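Before any comments, here is the structure.
Every read-out reported here was derived from the displayed coordinates using simple, explicitly stated rules and does not represent laboratory data. No experiment lies behind these values; they were computed from the predicted model shown. Don't worry about glycine lacking a Cβ; one is built from the backbone with ideal geometry, like all the others, and counts go over all protein chains shown.
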Amino acid sequence: MNEKQLQELKDKIEKGKMTKYKAETRLEELEKQEKTLKEEIVSLGYDPEQLDQIISKLELEKQDLISKINEMLPDTIPNI
């Protein structure tokens, strides 16, 4: 192994370390953001683990309300 190859390996190792450091920093930021969002969800009175179910329920309620509104509206609106 010559000097050039050795230097290339050192450069790759250093680049790998920097990439790892950036990834760890980003992970910490995302974990903090997740914690903040979960706290906000809890403060709104919801369980973060139940959000998928809550969203599905609300979507069904929305569709039901849209159907009821459409039933109440006349098929044609007369020109005035």
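Side notes on the structure shown:
- Rounded, prolate or oblate (a/c below 1.5 giving rounded, otherwise prolate when a/b exceeds b/c) for the stretch 1-42 by Cα gyration tensor: prolate
- Spin-label pair Ile77/Glu39, simplified geometry with 7 Å Cα→Cβ offset, distance in nm: 4.8
- Per-residue HN-Hα couplings for the stretch 69-79 [Karplus 6.51, -1.76, 1.60; θ = phi - 60°; Hz; x = Gly/Pro]: 4, 4, 5, 7, 7, x, 5, 10, 10, x, 6
- When mean projected area of the Cα convex hull in nm² is computed from the coordinates, the matching label among (i) 7.3; (ii) 6.0; (iii) 13.0 is (iii).
- Spatially close lysines, pair count over the stretch 1-78: Cα under 23 Å, gap of eight or more or interchain: 14
- For the stretch 11-24, 3J(HN,Hα) computed residue by residue from phi via the Karplus equation (6.51, -1.76, 1.60; θ = phi - 60°) reads 4, 5, 4, 5, 5, x, 4, 5, 4, 4, 4, 4, 5, 5 Hz, glycine and proline entered as x.
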